[in-house]
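The values are calculated or read from the model by the stated rules, or taken from the named source; none is laboratory data. The model shown is predicted, which means the values in this text are computed figures rather than measured ones. When we count neighbours, we look across all protein chains shown, and the Cβ atoms used for this are built from the backbone with ideal geometry, even at glycine.
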Amino acid sequence: MSRQMLGEFEQMVLLAILRLRGDAYAVPIVGEIEARTGRSVAPASVHVTLRRLEEKGLITSWLSEPVPERGGRARRCVQVEPEGLRQLRESRDMMNALWSGVRMTGESR
Amino acid sequence: VSAGSGVPRRAAAVLRRVLPADMREDVLADLEELYLLRVEREGAAGAARWYRGQVLSYATRFGAERVRGALRGGDPSAARGGPLSVISWLDWKLGARMLLKHPGLTIIGGLSLAAAIAIGAVGFEVANELLYKGLPFDEGERVVRLETRDVAATSSEPRVLHDFAIWRGALKTVTELGAARVVERNVLTGEGRLEAFRVAEMTSSAFPLTRVSPLLGRPLQPADEVPGADAVVVLGYDVWQTKFLGDPAIIGRVVTVGRIPRTVVGVMPAGFGFPRNQQLWIPLPVQDAAPREGPPVQVFGRLAPGATWQAAAAELDVVSARLAEDHPVTHAQLRTRVRAFAGRTPGDRVEWQELVIHAIILLVLLAVCANVATLVFARTAMRESEIVVRTALGASRTRVIMQIVTESFVLALAAAVVGLVIAQTIVRYAGARTTLGIDDGLPFWVDLTLEPVTIAYALLLAATAAALIGVLPALKATGAVIRRGLQDMTTAGTAMKFGGVWSFIIGAQVAFTLICLPAAAGISQEFLRDRATHSEFPTERYLTFRLSMDVEALPGDDGVPDDAEIGARRALAFEELARRLREEPSVTHVTFGDRLPAMSPRLMPVEVQQGTAEPVRLQGNYDGHIAVAAVGVGYHDAFEAELIAGRVLHAGDAGAPNRPVLVNEAFMREVGSNPVGARVRTLPRRGVAETGPWHEIVGVTADLGMDPTDRGEAEYMYSAVSAAGLDPLIVAVRVAGDAAALAPRVAVLARQVDPGLQLRDVTTLRQIVANRQMPAIIGTSVFGTILLIALVFSAAGLYALMAVAVERRTREIGIRIALGANPHRVLRTVFARAGRQLGGGIIAGNSIILVLTWRAGGGIDVNIIIALVVVSVIMAAVGVLACTVPARRALRVQPTEALRQG
C-alpha cells in the first residue's frame, strides 16, 4: 500500500473525471464538482490539483483538436490511470472502515 | 485571450505573467470559457468581477511559487518541495478563521503579543532616534562636532572661541568649521507680541555646511558677521508660519530680536533646526577671545572629502598638542575629540546598554510567547482528531505543521498591527511630554513617527513570536502521536499526551507569575509612594516662572554686556515686579531660588565642622551626597516650612563673609545634634574640581520635600542668594486662590516693569510636580497594566491547559464510574495531579522570590508576603476551577456514552 494518501479534493477531482467519461477537462470538472457537492470551486484549485495528479502519475492529459468556441484553441483533456483508480479505491475503503459502526446522534441505525 | 471575448484585459495580462509556461494557454482558455458562461448567467460586470477574483486566486497559488523559483535561480516549475511550498492561501484563511473561532485566545494572546511587540517597537524606535539617527542632510553622517573636555575636572569645556580660530586655520581633515551658541531673546513677533525664543547665534559658515538652501531669501553670509554690518535674521519655517502667518513678503521686514531691530533676509525650509531645534538665526560675532574665555560655543564642521575619521582624530591630536605647548596653563588638561554631530561615531564601541535594550525586548517577548504557546497548545490539543483525519486524508506532517505555524503567524501579524498602533501612540505621547520636560527640547532630526526600520523590526519580532508559539505545539501535536492516533482511531480516544514537558510548563508558569507579580507590585508601590509625597503643601497655589534679563538689553561700553550691570538691572526689575505682584489682591508671597520644591536637586558631597573638631564627611541619602539650593529671602516662609532652630535667612546674608546657610531637619538628624553655629562646605566631585568655601549654619527648618523621591528623608542645605547673583531666577508666587489665573497678569506686569525681562515656563507648581511625576505615572500605569495582563494571561493559560488535561480524561473517568468507582476517589486522582503541578509551581515561585529578597539584603517585607499569598491563592483557585468544570462534566457522562466515545 502506498504511504501517500489522496487528499479530499484530489478524490473529488478524480471522481469528477470518472463521472465525465472521456469529456473531462478543467471547465466541466469545475461544473461537475459544483453540481454534485453544492460547493463553489475555484478553477485554480482544479488546475493545481490536475497538475499534481499528473505529476503523481494518477492521470494523463492530451490536447484535443482545436475548438472554434474557444477561439480555435484546444482543450487539455484528462483521464484517470490505473494507479489513480487503485488509490481512489484505497481511499474509499479506508473511509468506509472509519465509518463502519459509527452512528451519529439523531441518525437511525 | 481571444479577441472580442470581453475578458478584463489587465487582469488577463496579470494572469499571463503569473502562470507557469506549461499551463498558461490551457488555463487562460479554460478561464475564458468559464467567464463566458458567467456572462450569460450574471452579466458582464459580475463576470468581470468574478474573473478578477480568480486571477487573484491563481496569483496567490502560482505567484509564490514563481518567487521561490526565482530566488533559487532555477525553473519556477522545479521549485517544489521544502516547507514553504506547502503554505497555501487556504492556511492564511484558516488562520484568520481560527482567530474568530477562538476569541479568548485571540484577545488574550493577541493583546499580550501586541504589548510585547509595542514595547519592542518603542524601545527600538527611541534607541534608533536618539542613539543612531544621523543628520538629515546630504552626507549628514560626515558632519562632525569638536568636543573639548577638561580631563582633570572631567567636565566639558565649551569656551573654545580662541581654539576655534586656530582650528579654522589649521585643520585640513575637517572643513567648513562653524560655531554656534544658543541664547534666549525676546522677539517681537508678527502680531506685535513679545515672546522669548531660543535663538542660534551662528557663524555664516554653518549654512553651507548643512547643504540646505533657504526657502526664501538667503542664509547668513560672512559679510553679516563684520562689526558694523546691518543687523539681520534668518527665520525658521515654523516661526514664519505661526508667528508671521506665512507672510510672503517677509524678506525685508524688520523683526526686533532682543533690543535690536533686524532685517529678515531668509526663511529656512520646514524641518530645519540646526544646530538643535532653533527657529531663528543671527550672526555670531566672532571676536578674539583669550584661551578658555569668552562665551560657551558649540563647534562643528564636515569631514573633508576623502578624509577618514582616524585621520581627523590624528590631526586634532597634533593641533591640540601644539595648543597645549603654546598655552600650557590653560590647555595642558584639554582634549578635543571629533565626534559625529548626531548618531553614532564610527569606531565607537557598542555600549552594553544598547545590547541590553534588545535583550530586554527579547526576554519580554519570550515570556509572553511561552504563555501564548501554552494556549496554542491547548487549542491544538483540542483539534487532535482534526489533525489525525487530515493526516489520514493525505496531508504530510510538514503540511500540518506549516498550517499550525501559519495560524500562529496570522495571530502574530494581527498583534503586530495592534502593537504598532500602540507604539506609535506611546512614542507621540511621550515625545510631546518630553518636549515639555526638557529645557532645550528634542533635536530637530528626531521624528516622532515610527520609521520603516522600526516597522520591519516589529514584523521580525512578530515572525519570531509566530515561530515560537507555533512550532513547539505543532511538533508536539504531529509527532509520534499521529501514528498512534491513526492506529487507535477505531478503538481508543485521544492519544496526545500531556506529558512531563507540559506539567513542567504549568509549574513554570505558576512560578514565573509568582516571581514577576510581587516584583511588579513592589515597583508600582514605590511609584505610588512617590506620588503621594507631594500633597503636603498646596502646589496649585504657587505660580512659578523663570526670570532672566535679555543680555542685549544693556550693552556695555564696548558692546559686550557687563555681568554686574545686568545683574543689578535684573535685581531691580525683580524687586519692582515682586512689589507690583504683592499689590495684587490674591498674592500672599513672592520668593525665588535656583530651584523650587519638586524640581531636581543639585547634589554635592559636604563635610561639617563643629567647633574645633576635625571636619566630618556627611553621609547624605543621595549616594553620600546632600542636596543644595540657593534661595532668596522669604523662601521657607512662602513654602510654610517652620523654623526649628536658629534664624531664617535675611537679605544681608547673600554675600556676607560667613556665608550663612540653613539646613533641614534630616541634615540635623544626620549630624546628630543641633548644628547651628557649625561650619559646612562642599567637596570636589565629578565636574566640580574645587572644594567650596566654609558656610556657617545659622538655622534649621522643617523638611520641605524638595524632591518627589526624597520622601522627606534627604539632607538639604540652603544658601542665601540675591536676585543680582542668580540667573535665571526661579520665581514662586503664592496665591490665595488658583495660581494659574494669575499667569496673564504676570506677563503684563513684567512687560510694564522692563521690556528686557524674559519670562519663561510660566506654570503652576502643581504642573511641575505633575510633569516630574509623569514618568512615575506612566511607569505605574504600564506596570499596573502589565501586572494585570500577566495575571489574566497566566490564569487563562493555566485554566486552558488544566481544563484540557482533565477533559481528555473524560472517557477514563466515565469508565471508572461505570465500573463502580467512587466519584470522590476519581476526583481525588484528578485533583492530585493538578495539585502536584500547581503546588510545585507555587513552592518554586515562592522559594525563588523569598531567597532573592533575602539575598538582596532587605528584610522580608510584609507586603511581599501578602502579594505572594494573594497570587498563590489566585493561581490555586484558577487551577481548581479549571479542573472542577470539566471533571463535573465527566462525572455526569453516562457510562454507556463514555464507553462509546472510544
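Among the residues making up the range B:669-698, those that are part of a strand (DSSP E or B) and buried (at least 20 other Cβ atoms within 10 Å of the Cβ) are B:Val680, B:Thr682, B:His695, B:Ile697, B:Val698. Can you say whether B:Thr406 is at negative phi, in contact with a helix residue (DSSP H, G or I) (Cβ under 7 Å, 6 or more places away or on another chain), within 14 Å of another protein chain (Cβ to nearest Cβ) and buried (at least 19 other Cβ atoms within 10 Å of the Cβ), as far as the supplied structure shows? No; evaluated as a whole, the condition is false for this residue.
Does B:Ala666 fit the bill of being touching a strand residue (DSSP E or B) at 6+ places or on another chain (Cβ under 8 Å), surrounded by 14 or more Cβ atoms within 10 Å (Cβ to Cβ), in a strand (DSSP E or B) and among the small types (Gly, Ala, Ser)?
Considered against the rule, which asks whether it is touching a strand residue (DSSP E or B) at 6+ places or on another chain (Cβ under 8 Å), surrounded by 14 or more Cβ atoms within 10 Å (Cβ to Cβ), in a strand (DSSP E or B) and among the small types (Gly, Ala, Ser), B:Ala666 comes out as no.
Just so you know, in the range B:811-820 the residues that are of a type outside the set (Val, Ile, Thr) and under 18 Å from B:Thr884 (Cβ atoms) include one that is surrounded by the fewest Cβ atoms within 10 Å (Cβ to Cβ), and it is B:Glu812. Of all residues in the range A:73-86, those satisfying the criterion of being touching a helix residue (DSSP H, G or I) at 6+ places or on another chain (Cβ under 8 Å), within 14 Å of chain B (Cβ to nearest Cβ) and not small (Gly, Ala, Ser) are A:Arg73, A:Arg75, A:Arg76, A:Val78. Within the range B:93-108, the presence of a residue that is within 10 Å of chain A (Cβ to nearest Cβ) and either outside any loop (DSSP other than H, G, I, E, B) or at pLDDT below 85 (or both) is excluded. Among the residues making up the range A:72-85, those that are of a type outside the set (A, V, I, L, M) and surrounded by 13 or more Cβ atoms within 10 Å (Cβ to Cβ) are A:Arg73, A:Arg75, A:Arg76, A:Cys77, A:Gln79, A:Glu81, A:Glu83, A:Gly84. Considering the range B:92-105 alone, what residues qualify as being farther than 13 Å from B:Asn371 by Cα and touching a residue at least 40 places away in the same chain (Cβ under 8 Å)? Residues satisfying the conditions are B:Trp92, B:Leu94, B:Gly95, B:Ala96, B:Met98, B:Leu99, B:His102, B:Gly104.
Which fully enclosed helices (runs of 4 or more DSSP H) of the range B:152-230 have 3 or more residues being over 21 Å from B:Phe274 (Cβ atoms)? Don't jump to the end; show me each part of the working.
Numbers: elements: B:161-170, B:206-210, B:222-225.
Fully inside the range B:152-230 and qualifying: B:161-170.
Applying the condition of being among the hydroxyl-bearing types (Ser, Thr, Tyr) and within 14 Å of chain A (Cβ to nearest Cβ) to the range B:363-403 and asking which residue is surrounded by the most Cβ atoms within 10 Å (Cβ to Cβ) yields B:Thr391.
B:Asp703 falls short on exactly one of the conditions (1) buried (at least 16 other Cβ atoms within 10 Å of the Cβ); (2) modelled with pLDDT of 80 or more, and that condition is (2).
Screening B:Arg292 with (1) out of contact with any Gly (no Cβ under 9 Å at 6 or more places or on another chain); (2) among the basic types (Lys, Arg); (3) under 13 Å from B:Glu201 (Cα atoms) gives one miss only, at (3).
How many residues, within the range A:28-49, are at the interface with chain B (Cβ under 9 Å from one of its Cβ atoms) and touching a helix residue (DSSP H, G or I) at 6+ places or on another chain (Cβ under 8 Å)? Of the residues in the range A:28-49, 8 are at the interface with chain B (Cβ under 9 Å from one of its Cβ atoms) and touching a helix residue (DSSP H, G or I) at 6+ places or on another chain (Cβ under 8 Å). Checked against (1) modelled with pLDDT of 90 or more; (2) within 11 Å of chain B (Cβ to nearest Cβ), A:Arg70 passes all but a single condition, namely (1). Screening the range B:126-151 for residues that are more than 19 Å from B:Ser204 (Cβ to Cβ) and in a loop (DSSP other than H, G, I, E, B) and picking the one that is modelled with the lowest pLDDT gives B:Val151. Considering only residues of the range B:1-35 that are facing chain A (nearest Cβ under 8 Å) and assigned to a loop (DSSP other than H, G, I, E, B), which is modelled with the highest pLDDT? Per the stated criteria, the residue is B:Ser5. Evaluating B:Ala118 against the criteria (1) under 14 Å from the mean Cα position of the chain (by Cα); (2) at pLDDT below 80; (3) not hydroxyl-bearing (Ser, Thr, Tyr) leaves one unmet condition, (2).
Within the range B:672-699, take every residue that is touching a Leu at 6+ places or on another chain (Cβ under 7 Å) and touching a residue at least 40 places away in the same chain (Cβ under 8 Å) and give me the one that is nearest to B:Gln610 (Cα to Cα). Per the criteria, the residue is B:Val698. Residues in the range B:36-61 that are more than 53 Å from the chain's Cα centre (by Cα) and facing chain A (nearest Cβ under 10 Å): B:Leu36, B:Leu37.
Of all residues in the range A:1-27, count the ones that are surrounded by fewer than 22 Cβ atoms within 10 Å (Cβ to Cβ) and within 9 Å of another protein chain (Cβ to nearest Cβ). So the answer is 6.
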